[in-house]
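What follows is a short report on a single structure.
The numbers here are math on the coordinates, done by the rules we state, and not lab data. Owing to the predicted nature of the structure, the values given are computational and were not obtained by experimental measurement. Here Cβ is always computed from backbone atoms with ideal geometry, including for glycine, and neighbour counts include all displayed protein chains.
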């Protein structure tokens, strides 16, 4: 009986905390020049805050207290307090920053500058540029490996992945991939790098040791033409069980068995699905749908789309606290 | 007359109808094949037709198969209602209707029992259809299948009452083809079963109004919301009102002294 009471107490506490900790989802609105804030559990838009021009890439700082947003047309990375939603600073990013990634310890920010064919390395503490690395034409996706060893960058026109050593900040290896590589993402164990090729319609899985492809996945959806299938954003869960790839104008998110590297399902979401982000407990996945102006919420336990929430014009990037 | 008499009569009528339905295996299969053909073949061609808008009770983008499933539930009940009316014409021609109507129980009670019997049959068909659709990835929340039941009872009764009303004015079995052309098809196609109202509005204002006030649309919408554990009060009220009107007219139609049977020379 005592044990039952304890269990009940624990359950009540758990339900209290699990319901009181709602996901706060931050979405950059490229056309509205704003940040949309959504309650992920309730699936409701809470607030919209004005930002710089053409905000795209977005990330939370390592401690979750700050948000970094690439205001592409203002040529800066804006720093936003993730509680008050007020702009508290700026980082020098170089021209037209689009996507970026933080080093695992949060002290460095790596930005791709699409127009200048550069990757800019910024010290987030001193707020200074550490180095500008010349890369291929139109750098796009950027990712740091969780073990802190690599920064990789994809260049859209050169169709290449550049492997940058984080100590020397030099390119040490290049891998040729399919046409127009967009997003890059490491698995949690840093052993694999997933790369999406937008025009090639392919997901390449590269071995981080050899920097070579171990598998290529091509997407096929009944009733959707191959041209419409343009893989972009990637999310891979912490356990390495499931991976997800946003398929752009195909309006689908592909569910991939990350162990077998096989596509298991396609989930219908809004139009031109672009970027993806997990909730902190990874039970939900949020997608930005650029043309239908909404965010779809996916239950990652049963792979069902729960809801789509209208957020504003051209939702682009997403981060969840 | 004691309540027990009423109950026994109702039981007899419902059991007879269910028994008849289960024994006619072809009818059971035919009743299932019709909506399944629509689901597997017709809907397959329009998979992405609705991929651009979210309409209540849905909270995200859905495939066309998911959209038309409540419409096909309505189709099952509509055909079943008409089939019951057909069987009533047949019963009348064969004389078994006379046996039923000479019972000492009030006529309205007998007719309502007959309606309930037809509805029970349609519900059996609907759940079998939903089970097959479930394997085809048309899934509603589990509790939705339960909340659907009251909606099915009401819509089944309403469509059955419409069938009964028609059977009171149809003289011969052969006239059933007319029912197909002038009742089933217009009711089904001029409704929200296959396309949402906003789609119909895009093409024609007149069609939009006709579809909106079509009792079949309201029954379909009531079931659509119920399947997703939501209550559509307006559709419920509209369906209930249609039931009262159709049933009253049907009872009147089956009254030998006042109804249409007298005018036609009886059953």
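Length available on full extension from residue A:265 to residue A:83: 0.36 nm per residue minus the Cα-Cα distance, which gives 61.9 nm. Once both labels are positioned 7 Å from their Cα atoms along Cα-to-Cβ, the gap between residue A:31 and residue B:53 label points is 1.8 nm. Using C-alpha pairs under 8 Å with a sequence gap of at least 6, the mean separation divided by the residue count of segment B:114-264 gives a relative contact order of 33 percent. In terms of its C-alpha gyration tensor, segment B:1-72 has an oblate overall shape, because the principal axis ratio a/c (a ≥ b ≥ c, square roots of the eigenvalues) is not below 1.5 and a/b does not outweigh b/c. The alpha carbon convex hull volume per residue for segment B:17-168 rounds to 124 Å³.
Given the convex hull over the Cα atoms of the protein assembly as shown, what projected area results after averaging over all orientations, in nm²? For the protein assembly as shown, the mean projected area of the Cα convex hull comes to 34.1 nm².
With only Cα atoms counted, segment A:182-315 has Rg and Dmax values of 13.9, 43 Å.
As a proxy for reagent exposure, ranking B:154, B:249 by other Cβ atoms within 10 Å from fewest up yields B:249, B:154. Peptide A:270-280 shows a mean partner chain C-beta count of 1 within 10 Å per residue C-beta. Multiplying the residue separation of residue B:108 and residue B:42 by 0.36 nm and subtracting their alpha-carbon distance yields 19.8 nm.
Here the convex hull built on the C-alpha positions of segment A:168-224 has a volume of 100 cubic angstrom per residue. Taking other C-beta atoms within 10 Å as the exposure proxy, A:221, B:68 rank A:221, B:68 from fewest upward.
Compared with the dominant principal axis of the Cα atoms in chain B, helix B:233-253 is inclined by about 20°.
Highest mean packing first, where packing is the average number of other Cβ atoms within 10 Å per residue, the peptides A:265-274, B:104-113 line up as A:265-274, B:104-113. Projected over every direction and averaged, the convex hull enclosing the alpha-carbon atoms of segment B:90-172 yields 6.9 nm². Axis of helix B:64-94 versus longest Cα principal axis of chain B: the two differ by about 10°, to the nearest ten degrees. Projected over all directions and averaged, the alpha-carbon convex hull of segment B:3-264 occupies 14.5 nm². Only DSSP H runs of four or more residues enter the estimate; each adds -39500 (n - 2.57), and after division by the residues of chain A the mean residue ellipticity at 222 nm equals -2000 deg cm²/dmol. Per residue of peptide B:54-63, the mean number of Cβ atoms on other chains within 10 Å of the residue Cβ is 5.
Of A:294, A:101, A:123, the residue with the greatest mean-square motion in the GNM of chain A, using alpha carbon springs below 10 Å, is A:123.
Normalised by the number of residues in chain B, the average gap of Cα pairs under 8 Å and 6 or more apart makes the relative contact order 24 percent.
Just to confirm the number: angle between the C-alpha axis of helix B:3-23 and the first principal axis of chain B, 0 to 90 degrees, nearest 10? Orientation of helix B:3-23: about 60 degrees from the principal axis. When the helices of chain B are scored as -39500 (n - 2.57) per DSSP H run of n ≥ 4 and the total is divided over every residue, the value at 222 nm lands at -23500 deg cm²/dmol. Shape analysis of chain A places it in the rounded category; the axes a ≥ b ≥ c from the Cα gyration tensor give an a/c below 1.5. Taking every C-alpha pair closer than 8 Å and separated by at least 6 residues, the mean separation divided by the residue count of chain A gives a relative contact order of 12 percent.
The ranking of A:66, A:128, B:114 from fewest to most other beta carbons within 10 Å of each one's beta carbon is A:128, A:66, B:114.
Spatially, segment A:240-299 and segment B:1-74 are offset by 33 Å when compared through their Cα centroids. Overall, the anisotropy analysis places segment B:109-267 in the prolate class: the square-rooted eigenvalues a ≥ b ≥ c of its C-alpha gyration tensor yield a/c not less than 1.5, with a/b exceeding b/c.
Shielding of peptide A:290-298 by partners, expressed as the average count of other chain Cβ atoms within 10 Å per residue Cβ, is 2.
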